[in-house]
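Notes for the one structure printed next.
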Amino acid sequence: MDRGPTPPESDPDFPRPWLRSYPPNVAPRLEVPNEFLTDALHRSAERWPARTALIHYGARWSYRELWQAVERWAVGLTRLGVRPRDRVALYLPNGPAYPIAFFGTLRAGATVVQVSPLYLGDDLARLLDDADPRAVVTIEALVSNLNPLLATRPSIRVIWAKTRAFYPIWIRPFVNAVLRRRGYSTGTPTGAAFVRWHEVASATGTLPPRTGDPAREVAVLQYTGGTTGEPKAAMLTHRALRANVAQVAAWNTRAVSGREIVLATIPLFHIYGLTVALLNGLFDGGTVVLQTRPDVPELLRLVDRYRPTQLPGVPSLYQAINLNPEVGRHDLHSISVCISGSAPLLAATAHRFEELTGAAVVEGYGLTEASPVTHANPIDGEHRSGSVGLPLPGTDQKIVDPATGQTLTAPGAVGELWVRGPQVMAGYYRRPEETAQVLVDGWLRTGDAAQVDADGFTYIVDRLKDMINVGGLKVYPREVEEVLTAHPAVAEAAVVGLPEAAHGEMVVAVVVRRPGATIGPEELIEYVRGRIAHFKAPRRIEFREQLPRTGIQKVLRRTLREELLRAASGGPGAGPLRAPGSGGPGR
């Protein structure tokens, strides 16, 4: 297996802006143990055995109890026939089953395949065929999504758990009622393919210490659209994930070992939630509070009850908290640090959340292929609005002209962002050609257009593939979206390009109004035209109640574009486009 990029610490002459841009008394230093992820958890269990590791709606697991559950799971998985380097798919929502199965799978020497619990049908089938897992771990409420797929995949064993088993005893009578009300099955699966969670989790005995090189052994297959659009699995080694946790820990200059409480409301099946919430919390002796789904009223009650110090999230989560009419009834001042990722963080959103909490809310950046975090604004140093910050310790960056391949050194020059560091993936699973396209001489091509200022702060312009070509002029959707969302009547906006005979492409916006707002498309188009170059302004605007999003709330521009194209051609899909604007790229 390819070891991936050369660790940048081996190149002492490469400039590292974070060394000079953090205050001297908090400048981070990177130390990355070359160890398996389970070794890191075991060390936490030895150092803080009685401390609470997990909380799930009142149920608690100490570090000692968590490690014992992981060891039992690993033994049971091995007795089920899972061997080192086999793949085990986790088809689970946030909950205690996830960390137990995750670390238990790794302890058995196998590789975790991350599967969104939102997947079903063809999406789920394609992923299972690509990863070819030996087993799938799930809950009874999701078994019905697997049933149609098992007949043609007889080698897969399904380890299923009763959802209610992970709740406190006094809550369990209500769990099934809630599941049934939401349309989920609560029955008992039958058939040779199914294995009860208890049969695996109750095994006795221990496994010998794991041997091998953590830099070569793949811990996680994390599926991503990557830089070419087709879903594929990034191979994240134990070393890469361990490095990213160490980098995030070095960045978080406010964290106190053994004292942090992390509210994990972002999904753990996504690499952001896995690294920044779960692994970051457990490897430093923190308590991870697991929320099954990102329900804001419930989140506010969890904050009141458990007083989290860290709330990693996405901009839409912070904005939903800001806008919740009951937020004033809750005390959010326990929250000290929030790193925001997956989408641009508007300054107004961050400012309002900081007013409510007193926390530092800073924007970061990353991608699945980098485990995922590569950049973040300093917490106690300068953080610049609109910037994703500085490269994390141990991470290098450069801006490359995508047309010529030349490195652009002038501050502010726009090109493709390339990064390298110990957190970068080993490659794409079973896809050597795609791997060669994105890993070049130790550098990871991000596919994002970006610029770096004279102090090393990075600004993401947009996805290169989302750039709109209006008569030969470049339009980056993010710039237009920022102008649209600055209007007091606009809650959200997404911008895409549609084919147009005269200019190649035209700018089209899909807008979600704020409650009670009545602004029309013509007025909004004129508002944008008064603030940026006319060729960048939307030619058409469509209003909707919501935007399509991924499981981690990233707007699906590709889906919007497909819907708008179907609407323009008269096919099924979105409603008609409205209100063409006036003027072409020369205005």
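Read the figures in this text as sums done on the coordinates, not as results from a lab. In this text, all values refer to a predicted model and were calculated from it rather than measured experimentally. Ideal geometry is used to build each Cβ from the backbone, glycine not excepted, and the neighbour counts take in all protein chains shown.
For the reader, a short list of remarks on this structure follows.
- Axis of helix 238-251 versus longest Cα principal axis of the chain: the two differ by about 60°, to the nearest ten degrees.
- Two-decimal log10 I(q)/I(0) for the stretch 61-212, as the Debye equation yields it once each C-alpha is a single scatterer, q = 0.14, 0.17, 0.21 Å⁻¹: -0.67, -0.98, -1.43
- Annotation: the residues Glu526, Glu563, sorted from fewest to most other C-beta atoms within 10 Å of their own C-beta, follow the order Glu526, Glu563.
- With Cα atoms defining each centre, the stretch 232-305 and the stretch 143-202 are spaced 26 Å apart in the structure.
- The phi-based Karplus calculation (6.51 cos²θ - 1.76 cosθ + 1.60; θ = phi - 60°) puts the 3J(HN,Hα) values of the stretch 193-204 at 6, 9, 10, 5, 3, 4, 5, 8, 6, 9, 4, 10 Hz, whole numbers, x for Gly and Pro.
- Value in Å of the Kirkwood radius, where the stretch 467-569 supplies the Cα pairs that are averaged: 13.8
- A cut-off of 5 Å between modelled amide H atoms, ignoring neighbours fewer than 5 places along the same chain, links Thr287 with Glu260, Ile261, Val262.
- Amide hydrogen neighbours beyond the local backbone of Arg514, cut-off 5 Å, H modeled: Val490, Ala491
- Fully extending the segment from Glu479 to Glu326 would add 51.8 nm, taking 0.36 nm per residue of separation and subtracting the current Cα-Cα distance.
- Computed from backbone phi, the HN-Hα couplings of the stretch 540-545 come to 9, 9, 10, 9, 9, 7 Hz, rounded to whole numbers (Karplus: 6.51 cos²θ - 1.76 cosθ + 1.60, θ = phi - 60°; Gly and Pro given as x).
- Residue separation of Thr409 and Thr211 scaled by 0.36 nm, minus their Cα-Cα distance, works out to 66.9 nm of gained length.
- Of the trypsin sites (Lys or Arg not before Pro) found in the stretch 394-447, those that fall in a DSSP loop while having at most 16 other beta-carbon atoms within 10 Å are Arg430.
- Sites listed here are trypsin sites (Lys or Arg not before Pro) in the stretch 82-185 whose DSSP assignment is loop and whose Cβ has at most 14 other Cβ atoms within 10 Å: Arg85, Arg182.
- Taking the stretch 467-569 and dividing mean pair separation by its residue count, relative contact order in percent (alpha carbons under 8 Å, at least six apart): 24
- Taking amide H as placed 1.01 Å from N in the peptide plane, Met506 has its amide H under 5 Å from the amide H of Leu498, Glu500, each at least 5 places away in sequence or on another chain.
- Listed by chain and number, the lysines whose alpha-carbon sits under 18 Å from that of Lys536, ignoring those within fewer than 8 places in the same chain, are Lys465, Lys474.
- Helix 172-181 axis, angle to the chain major axis (alpha carbon atoms, nearest 10°): 40
- Antiparallel bridges, percent of DSSP beta bridges restricted to the chain (to nearest 5): 60
- Length gained on full extension, Ser202 to Asp295, computed as 0.36 nm times the residue gap minus the Cα-Cα distance: 30.2 nm.
- Reciprocal of mean inverse Cα separation for the chain (Kirkwood radius, Å): 25.0
- Rounded to 0.05, the FRET efficiency of the Glu35 and Gln68 pair, given R0 = 25 Å and the Cβ-Cβ distance, is 0.80.
- Taking only the C-alpha atoms of the stretch 301-394, the Rg (one decimal) and the largest Cα-Cα distance, Dmax (whole number), read 13.4, 42 Å.
- Cleavage-rule hits, trypsin sites (Lys or Arg not before Pro), the stretch 258-342, DSSP coil, Cβ neighbours within 10 Å at most 15: Arg259
- Placing R0 at 30 angstrom, the Cβ-Cβ distance between Thr190 and Ala125 gives a FRET efficiency of 0.85 after rounding to 0.05.
- Crossing angle, helix 296-306 versus the chain [Cα axis fit, 0-90 degrees, rounded to tens]: 50
- The string of couplings for the stretch 107-119 from the Karplus curve (6.51, -1.76, 1.60, θ = phi - 60°) is 5, 7, x, 8, 10, 7, 9, 7, 10, 5, x, 7, 6 Hz, one whole number per residue in order, with x for Gly and Pro.
- Between Ala151 and Asp401, the simple spin-label model (points 7 angstrom out along Cα→Cβ) gives 5.9 nm.
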